[in-house]
Structure formats: structure tokens, C-alpha cells
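Asks: Sharing a structure here in C-alpha cells format.
Just so you know, all these numbers are worked out from the coordinates, no wet-lab data involved. Not measured: the values here are computed from a predicted model. All Cβ positions, glycine included, derive from the backbone under ideal geometry; neighbour counts span all protein chains shown.
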Amino acid sequence: MNTWVSLSNYTPYYVYAMGIIVVFTLLSLVFKRVDYTVRDSPMGFWTFLLFAAILLYVGLRPISGRVFADMGVYNRIFLAYQSGLVPIPGQKDFFFHFGTYLAAQIMSNHSYFFLCALLYIFPMYIVSKKWFGAYKYYAFLLLIISFSFWGYGTNGIRNGISTSMLLWAFTQKKWTPRLALFFIAYAFHGSAMIPIAAYVISLFYKNTKTYMWVWLACIPISLAFGNSLEGFLGGLDFDDRAEYFALEEGAEGYYRTGFRPDFLLYGAVPIIMAYFFIIRNKWYNKTYMQLMHIYIAANAFWILVMRANFSNRFAYLSWFMMAIVTLYPLIFSPHIKNKNQAMALLIAGTYLFTFIMFL
């Protein structure tokens, strides 16, 4: 078999396999009554099996910069540390670079990428179990069929690990492990400071309506002053991602997303749901409200820089929460009478968007 053909199909195989799993899940939800209170429910087994399967598929993928883009860059960094051509790193994203340096001394590059996949996917598995209990299978499935999951497991690897650590941090009830995970997330990728800042804001300001109005206001502000905002942010040194703003057209790897109404509507789905649950039906669940406030604030930041180069990478700083903030009210809100039907619609819609975007 031609190696390149096989490699080029690696992502489609993932999308199609997830489609098969989604179909069987939907059939189970629609036609079967599942008693989620039964202690020996098979949900735990199926969740672990799904976790193991996706970990193996992502972690054991071939090393390719042509198919997985940034993976080639990470591989060159790993090999440079392994050969001793560069010193022990002392730069930004210290945990990522120092961890890569240590890994390069004791394992192969294939093992290293498996480890990266584990650090990316395992927190999602833990979060699904801690937050959703008997519904953990559906939470984990939503996370791995989300539009951005594949890209940040195979391409934007350190950002994916960073945001997974943030999800894990949000589940912590005690401050010590929460702050430790915040620090790890930031030390893996500096862009974590944006959702962390949103988290800090959510501790002190809790008016959901104001968050929504600010989010809406960011749309015309971005349209009117987007270029100025991008230039200002490009001059900041908060993270090497600020360099994306300064890329010139024609530079290697350049692309401009422009104003993306599809991405805007995609990101608006959790906010529309929050309006229904929090504003209209007055469901004041502390955990859900705080998660939504973090999401809205981080997504509003992306709207301001939407037209910048690689702005999808800023969008991910809120999108990584989408599966959580959309599923949470469907399961825990008393306003949802048929949870199975609601989950089926959410899973089907999430996969359909992912499938369309990968066409």
C-alpha cells in the first residue's frame, strides 16, 4: 500500500469511526431506556474502552508534519533536544520544553507523542467521570467528537494539553490542586492566561446578562476596530501566539480566517442555551453559571481578534469547553424532561458540524 495514501486517510478514518460510534449511541439513546442509577451500568466500561481506543489512535499516529502540521515542528524540537544540539530550555512554555527535553533523554519520539496524547486525553476522561457521573460516556464522547478535538490532539499539541489541564482544574474543589493545575496549564502554553483570567473575573462578577451583553458588543467592536486591536495585541509579548498577528501575506504557513459567521454561530450555541436556562428559566446552578461566564469571556476575546491570522487558535481558548457547557444543563437542569432525546440531539448536532468541517 502507498504510505502517503494511508497517512492522508488517517484523519478521515477517525471521523468515519466516530460517526459509527455516534450512530450506535444515538440508537441506544432513542430506542432504549437506560437506568443511569444502576451501579453496575456498562457506561463505565464503554467510557474506558472509548478512552483507550482514542488514546491509541491519536497517540500511535505516524509522525508527519505534512499531515499533522505542527507535529513536524514538535518532532524537530524533540530530536534537537535528544541530540544535545540545544541546551536545557529556559524559555516560555517551560513545562512543555523542559518536559520535552527530559522525554528526549529517556524515550523515542514515538513514545513522546503517545505521552502527549495521554496528557491531552486523560484529563478529559477524568473530567467526564467527576462532573457527569453515570452520564460520563456521553460527556467523553462529546469531547472527542467536538470540532477542535482532533486538531489539538495532533497539531496544536501543547495548547491541547494546556486546555485539558484547565478543564481538570475547573473540577477541583480545593484551591491547592486547582492552582497547581492552572500553573501547569500556563507553563505548557502561555495562552492559558486568557481562560485563567476569565476564571478570575468569574469569581468576582456573576451577572450573566452583563457577560452576554459584552459578548454581543464585541461583534461590532471587532468589525469597526479589528485591525487596530490586532495591531495592539501583536505588539504584546504575552505569548508567542502574538506573532501570528504580525505575519505578512505570503509568509510560510500564512492564512487569514477573516470574519467567520459560521464560527461565530458555532461559538454562540452555548450562549443561546445559557439564555434559555439561566435568563429565561432562572436556573441558577453555581457550577454551570461560572463555567458559562468563563466561556463567554474567553469567546468574547476571540471575537475581538477574529480576523487575525490563525485566530482559530484563540477561538479554541473557549471552544475547548463547549462539550461541557452544552451537556451540563441537559443533564442537571430540571427543565429538561427527556434527557435521552436532548443528549441525542446534542451529540448528533456536534458530530454533524465536525463532519461538515472535515469534508
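Asks: Is the shape of segment 313-359 best called rounded, prolate or oblate, per the rule: a/c under 1.5 gives rounded, else a/b larger than b/c gives prolate, else oblate, with a ≥ b ≥ c the square roots of the Cα gyration tensor eigenvalues?
Replies: Note, shape of segment 313-359 comes out oblate.
Asks: Same structure, new question: How high is the FRET efficiency from SER6 to ASN281, r the C-beta distance, R0 51 Å, rounded to 0.05?
Replies: Between SER6 and ASN281 the formula returns 0.50.
Asks: Distance check, please: which entries in LYS32/LYS174; LYS136/LYS173; LYS92/LYS209; LYS174/LYS337 exceed 30 angstrom between their Cα atoms?
Replies: Check vs 30 Å cut-off fails for LYS32/LYS174; LYS92/LYS209; LYS174/LYS337.
Asks: Sticking with this one: By the gyration tensor of its Cα atoms, with a ≥ b ≥ c the square roots of the eigenvalues, what is the shape of segment 1-188: rounded for a/c under 1.5, prolate for a/b over b/c, or oblate? Don't skip to the end; give the middle numbers.
Replies: Details: a/c = 2.76, a/b = 1.38, b/c = 2.00.
It is oblate, given that a/c is not under 1.5 and a/b is not larger than b/c.
Asks: Name the residues of segment 155-177 whose amide N is less than 18 Å from a point 7 angstrom out from the Cα of PHE94 along the C-beta direction?
Replies: 162
Asks: Could you give the length gained by full extension between LEU179 and VAL86, i.e. 0.36 nm per residue of separation minus their alpha carbon distance, to one decimal place?
Replies: Working it through step by step, the gained length comes to 30.4 nm.
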